[in-house]
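Undergrad: Pasting a structure below so you can have a look.
Only the coordinates and a few stated rules stand behind these numbers; no lab work does. Since this is a predicted model, take the numbers as computed values, not measurements. Cβ atoms come from the backbone with ideal geometry, glycine included; neighbour counts cover every protein chain shown.
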Amino acid sequence: MSSLLSDITARLVPISDTPALDASVLVADIVKKPRTWVMAHPELTLTIEQQRELDDSLARLENGTSFPYVIGHWEFFGMEFEITPDVLIPRPETELLVEKAIVWLQESQSRKTVADVGTGSGAIAISVAVNAPNVNILATDISPKALQVAKRNAEKHGVSNRIKFIECDLLPDRRPRSADSSSFTLHPSSLHLLCANLPYIPTETLHSLPIYGREPTVALDGGKDGLDFIRRLLNIAPVWLAPGGSIYLEIEATQGLKASSLAREAFPEARISLQQDLTGKDRLLKIDLSLQTDT
């Protein structure tokens, strides 16, 4: 390891679980080179401007700013997304939802209308759009600043023509105003797939976590039991979901039974199941509707 990386790593040790990795990623970002190039050039030295940028970044990290916000981007599902303090940092566990959604959509050419509720950076909606090119997606968020980040990410990945960004609370109850000034009409029973990674950390728990105050609270705080937003979404979802449609909801690991019970109340005839993440924890609530309708 170069002297430069060694010095940065030592400075990051008190504030990072992966100081050597963070040091190399940070330098690569500053010099605009791949991390592998940085590791292969131990003689690397920084210009005065680059050193100033490094010092500023290290100071922000030491003051508690999360690493992805300092470098301004983060990888999710094999793609790079712009990240600002207005959006939640995408987590690897959310990739489970995306994987299942893509498989479900690819199983039928008739499944074309998707909603990503609480889109944030747009990571879910964009990942689905890139990998399931026959779908159109409604991406909603209550934060106009988050929607602007999501829109830039959609443009970056070439799918902005298939995603409509809507500023609203969960799902629109009337013809909404689109963040990109184009019209979008959501009809009852028109959604084939509804995806959401809503705030699900109980308020009291959140306040005791290191993440509190470092990422947007509005994207994390799920109320007293962590299920406020999921409960609200399940109350209105039956109006929008098409026959044979599905809902994929990311949940907190201890909420499986309670979330399943809420889903059963909203969709008594649906198939409801829990999917585990790579650590074996409940992470995804699936609700699958029957194609049969009342006659």
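Undergrad: Using a Förster radius of 30 Å, what is the FRET efficiency between A59 and L278 based on their Cβ-Cβ separation? Nearest 0.05, please. Can you show the working numbers first?
TA: Values: r = 35 Å, r/R0 = 1.15.
E between A59 and L278, to the nearest 0.05, is 0.30.
Undergrad: Show that you can apply the helix-only estimate: for the chain, add -39,500 (n - 2.57) for every DSSP H stretch of four or more residues, divide by all residues, and state [θ] at 222 nm to the nearest 500.
TA: It lands at -11000 deg cm²/dmol.
Undergrad: Right, here's the next one. For Y200, Y69, what ranking results if the residue with the fewest other Cβ atoms within 10 Å of its Cβ goes first?
TA: Y69, Y200
Undergrad: Just tell me which lysines come within less than 28 Å, Cα to Cα, of K286; anything on the same chain fewer than 8 places away is out.
TA: Result set, ordered by chain and number: K100, K112, K151, K164, K224, K258.
Undergrad: Another question, if that's okay. Below 8 Å between Cα atoms, with a sequence gap of 6+, how large is the relative contact order for the chain in percent?
TA: 12
Undergrad: Oh, and also: Give me C195, C168 ranked fewest to most by other Cβ atoms within 10 Å of their Cβ, as a rough exposure proxy.
TA: Ordered from fewest to most neighbouring Cβ atoms within 10 Å, C195, C168 come out as C168, C195.
Undergrad: Would you mind calculating the gained length between V239 and K145 on full extension (0.36 nm times residue separation, minus the Cα-Cα distance), in nm to one decimal?
TA: 31.0 nm
Undergrad: Could you give the nm distance between label points at S16 and D225, where each point is 7 Å from its Cα heading toward the beta carbon?
TA: 4.1
Undergrad: What list do you get for E95, E265 if you sort them by fewest beta carbons within 10 Å?
TA: So the ranking, lowest neighbour count to highest, is E265, E95.
Undergrad: Just one of [x] 33, 24, 17; [y] 38, 21, 17; [z] 46, 32, 16 is semi-axes √(5λ) of the Cα gyration tensor in Å as worked out from the coordinates here. Which one is it?
TA: [y]
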